[in-house]
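**Q** Pasting in a structure now, in structure tokens, and then I'll have a few things to ask.
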Amino acid sequence: MFFLLLLLFLLLLFLLLLFLLLLFLLLLSLLLLSLLLLSLLLLFLLSSSLLSFLLSLSLPLDPLESFF
């Protein structure tokens, strides 16, 4: 009887540790996904600002300058 209770206790402990490990992995994956999305957003903003900067360099500063 004591052996069965000990076995049940160890099984519950193992399941609890497994659940905590899965929860930790889920939180870690969510953190990595959010970092990935943030880096993609930052890259998009940087590329759009760089593109607008390059377009402003290629375009003339005076709009009337292109006609004359």
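Since every read-out is calculated from the coordinates, none of them should be taken as a lab result. The shown structure was predicted, so the numbers you read here are calculated from the model rather than taken from an experiment.
**Q** Tell me the angle of helix 2-58 to the major Cα principal axis of the chain, expressed in degrees between 0 and 90 and rounded to the nearest ten.
**A** 0
**Q** Can you give the direction-averaged projected area of the convex hull of the alpha-carbon atoms in the chain, in nm²?
**A** Details: hull surface 20.4 nm².
Computing the convex hull of the Cα atoms and averaging its projections yields 5.1 nm².
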